[in-house]
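The values are calculated or read from the model by the stated rules, or taken from the named source; none is laboratory data. Predicted model, so just to flag it, every value in this text is computed and none were measured. Counting neighbours? That spans all protein chains shown, and the Cβs are built from the backbone with ideal geometry, glycine included.
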Amino acid sequence: MIMANYLNRLGRYAFTQRRTVLAVWIVLLALIGTGAAAFHNVGSGAALTVPGTESQDARDALAREFPQAAGASGSIALRAAPGTTFTEPGGRAVLAEVADAARGLDGVSGVVTPEQSGAVTPDGRYAIIQVQFTQSANDISPETKQAYEQLGTAIAERSGATIAPGGEVATPDPEVGATEIIGVAVAAVVLVLTFGSLIAAGMTMLTALVGVGVGTAGIYAASGFVTFTGVTPILALMLGLAVGIDYALFITARYRQELAKGRSAVDAAGRAIGTAGSAVVFAGSTVIIALAALSAVGIPFLSTMGLAAAAAVLVAVLVALTLTPAMLGFAGDRIQPRAPRSAAPAGDGASAVPAEKPTAGARWVGIVTRRPVRVVAITVLGLIVVALPARDMQLGLPTNGTATEATAARISYDLITEGFGEGYNSQIVVVAGPDTPERSSAATTALGAALGELDGVTAVAPAQFAADGRTSLTTVVPAGGPADPATEKLIATIRSDIAPGIDATIAVTGVAAVAIDVSDTLTSALPIYLAIVIGLSLILLTVVFRSVLVPLKAALGFLLTTAATFGATVAVFQWGWLADVLGVDSTGPIVSFLPIILIGVTFGLSMDYEVFLVSRMREDYLHGADARTATVTGFTHSARVVTAAAVIMIAVFSAFVLAPDPTVKMIGFSLAVGVVVDAFLVRMTIVPAVMSLLGDRAWRLPKWLDRVVPTIDIEGAALENDGRTGTGADARPEGEQDLVRA
């Protein structure tokens, strides 16, 4: 039996057994929510590492050879009160008081004062106190982090000095406050306008929120056992909320169409799940597979991010297929608007052309298909222009220098830059060894001398040796910041020119080195991942639509969407266009994992709209319409709902642009732009134009391929002859009762 029949049965079951289905989801939500409260332990950006890279190997070596420095470090930046310095007795007293307060924090293994490290500017106006913790930043409790960030508040008020705790410990975890509420509110308004019914809109929203609750709570519960970055649950929340609303919207809209044809409520629910539900399964599958395929890159934090987001989408699909028909059963005929604008004809999709006032969708597809070549040329050219900034895209990792201006981490970063230069925030650590103590000492001496002669080096700190004398670390202060091309060039010089000339094993790490290695690894993996998702789209769409040209057109459209989205993101976050409007505090490199995440997510969402639009075109074509008429009628039937779905996704993603965290802001912006480009320019403009040009060729499949491609029937054609899907009471299975109408 083909999938549409299975889903039809599932929809009818959930509709008639609605109380049981609702109870199951409520119990699941309660149980998983309890687990989230008990095990919640989502970490910070400290988990953004790539095993096997030189910088990570060096970090691992430091953790083994210098266990006292294996935990997170903090840098407390201080600026003396006006008219005073830290070389005076009063200033030294302030430094001592802050150092004593730092020693009193939980988990602090050591404090290095400016007198010990020499971290005082020549004029005595600025100083840095180094704080070493026993735990990693990911394991330090929120209470300890808060105490650290508020360490010098009282001392600063009393002394007049500026005290700003920064470093790894103060790196803010990405958080989302009330911003997502804005996206939900906009989505609710769009649903009301789309359905013309508060009950239909409320039911759709409630269904999606249950799915989001289960999915997000599951991720937080799993965080007690698996290390997640702070971005992971936020990405899952974005996707779960957006696709959850959209999938429920598609099914509910199809249910209302089936009711308008005169079907009984239970038959309408079965057909809605059998048809729109089939599209949901395939659309959701593309998102899930694309996100899960991030594991193929071999980067742990990216794998967990992709798998967590995929799990959230899977929950959204399951909720849409089961809880949505159950909620439709509770809603009854109140799901329909009181005064619908026009009832859909009772005939099949091929003849269902609006008879009176053409809808906006009908008018638009008429314009697009009237001059398809011109439409395609103009739209493609425009997208290429938008994509041009992507040529200058630079990748990097978030630093405290890109944090929100009001955070302690950003204040500390700016103070250190003001007093010591930006290079002090991007110190390079060079590890030599392990070797014999004698050879290690000689190699370290030669290394220090060579490093000191390099251009772009501000200072080289005295080397530190491990307890057994076999391994040393040398700290280099560059002139530029972590994202400065000069710093990247300096690291490359150390690795390519200095290291080979030293008679020891040399490895370079530090904030800038880690960012370079992560970015290089992700950049190398990008073509492979892109090939995976493009190949996936060709296979899935060939199976779904039994066509070769439709999948090719979909894949090329996806590439246009991706390029244009990259271009817009670079223009805003790297070049600074509209930065003030969007609340971007500082420009800089694009977060290194954003391109590969964007490809995975945009691919999935792109296939969503492709499946929902083109499956309805194919449905009308299979029901007897010629190719051009099927394109027009299929688009007309789908345009309103797909437009609403796209607007909802844009609203959800755009709401995250208001989040204070720059990484979350960047992800939200890029996904919102991706949906705008793909839904309105590619799928709703280029697709109908190309389909009208292709005509019958769009639905042809070579004979040799026709024999091996399975028949999925995503359009639900088999349901037409299913005896259980007729209208009237006699067509219902035994035991199904009439819907209680309000």
What tally of residues in the range 97-111 results from selecting those that are in contact (Cβ under 8 Å) with a residue 24 or more places away in the chain and in a loop (DSSP other than H, G, I, E, B)? 3
Residue that is surrounded by the fewest Cβ atoms within 10 Å (Cβ to Cβ) [pool: residues in the range 447-499 that are part of a strand (DSSP E or B) and in contact (Cβ under 8 Å) with a residue 40 or more places away in the chain]: Gln464
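The rows are residues; the columns are (1) in a helix (DSSP H, G or I); (2) surrounded by fewer than 24 Cβ atoms within 10 Å (Cβ to Cβ).
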site: Gly262; (1), (2): no, yes
site: Ala279; (1), (2): yes, no
site: Ile288; (1), (2): yes, yes
site: Ala292; (1), (2): yes, yes
site: Leu318; (1), (2): yes, yes
site: Thr324; (1), (2): yes, no
Could you look through the range 639-657, keep only residues that are more than 21 Å from the chain's Cα centre (by Cα) and of a type in the set (A, V, I, L, M, F, W, C), and pick out the one that is nearest to Thr685 (Cα to Cα)? Ala639
Can you give me the number of residues within the range 692-709 that are at negative phi, surrounded by 11 or more Cβ atoms within 10 Å (Cβ to Cβ), more than 35 Å from the chain's Cα centre (by Cα) and not hydrophobic (A, V, I, L, M, F, W, C)? 4
Meets criteria (in the same structural domain as Ala326 (by TED's automatic domain parsing), of a type outside the set (S, T, N, Q) and modelled with pLDDT under 85) for Gly244: no
Identify the single condition in (1) crowded, with 21+ Cβ neighbours inside 10 Å; (2) modelled with pLDDT of 90 or more that Ile299 does not satisfy, given that it satisfies every other one. (2)
Could we say that Thr227 is among the hydroxyl-bearing types (Ser, Thr, Tyr) and either at pLDDT 90 or above or surrounded by fewer than 22 Cβ atoms within 10 Å (Cβ to Cβ) (or both) here? yes
